Amino acid sequence: MVAGADDSYQIPDHGRFDTLTDYRSAIDRAIRCARRHIRVFERNLQDCGFNDPQRHEALNAFLLNNRDNRLQIVLHDVDYVQRYCPRTLSLLSRFSHAVSIHRTTQEARGVYDGIIVADDAHYIHRFHFDQPRGDWVCNDIGRTQPLLRRFEEIWGASFVAVPATTLGL
């Protein structure tokens, strides 16, 4: 086999971050790695840069790449997104079939670490919402699976909180 001919296997990589700038860089890396599914759990997205033009363009490109691509977001508090993230809300509106924004139920309110999982092999784990410290992993299914299962549990303890359309009388 010719080197580089099969890009289905990538060498695992990992690192740590200690600043919000590095955290946002890790998020950008995860979005670039994602091919099918991005799952986000955070307090409110305030520290994540989801309203930045570059992040919006990256997520837009991800969603346009394949109709089956998905972006799932679970937050403890959706107020910040509704007030200060019009770009994220425009993705929700434009890709209502693919983007969901949920809010945690009381059952999941005690979870304080941020999780972003891209596909089944990449993750970012912020150790606590109040600190920008954490770690990231790319191309490692084994290390990603526990956080993917954890995200699914949080998703199961959440409900749609920001609808794609506004209904009125």
Lys and Arg at +1, Asp and Glu at -1: neighbours of ILE115 with Cβ under 12 Å from its Cβ sum to 0
What FRET efficiency do you get for PHE127 and GLU57 if R0 is 30 Å and r is their Cβ-Cβ distance, rounded to the nearest 0.05? 0.55
Take the alpha carbon atoms of the chain, find their radius of gyration, then divide it by 2.2 N^0.38 Å using N residues; give the quotient. 1.02
Cα centre as origin, Lys/Arg/Asp/Glu Cβ charges: the stretch 22-160 dipole, Debye: 320
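Work through the residues other than PRO53 whose Cβ is under 15 Å from its Cβ and net out their charges, Lys, Arg +1 and Asp, Glu -1. Don't jump to the answer; show the numbers that get you there.
On the way: positive: ARG24, ARG55, ARG87; negative: ASP28, ASP52, GLU57.
Residues close to PRO53 contribute a combined charge of 0.
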So what's the net charge close to ILE38: Lys and Arg +1, Asp and Glu -1, counting the other residues with Cβ under 9 Å from its Cβ? +2
Selected from SER93, LEU64, VAL74, residue furthest toward positive end of dipole (the chain; charges at beta carbon): SER93
Using a Förster distance of 41 Å, the FRET efficiency for SER93-THR21 (Cβ separation, nearest 0.05): 0.90
Among GLY134, GLY156, GLY49, the residue with the largest mean-square fluctuation in a Gaussian network model of the chain built from Cα contacts under 10 Å is GLY156
quick note, the stretch 22-160, DSSP beta bridge pairs, % antiparallel (nearest 5) is 60
Run the numbers on the chain and let me know its relative contact order in percent, using alpha-carbon pairs under 8 Å that are six or more apart. 29
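Since every read-out is calculated from the coordinates, none of them should be taken as a lab result. The structure presented is a predicted model; accordingly, all values stated were derived computationally and were not measured. In this analysis, Cβ positions are derived from the backbone assuming ideal geometry, glycine residues included, and neighbour counts consider all displayed protein chains.
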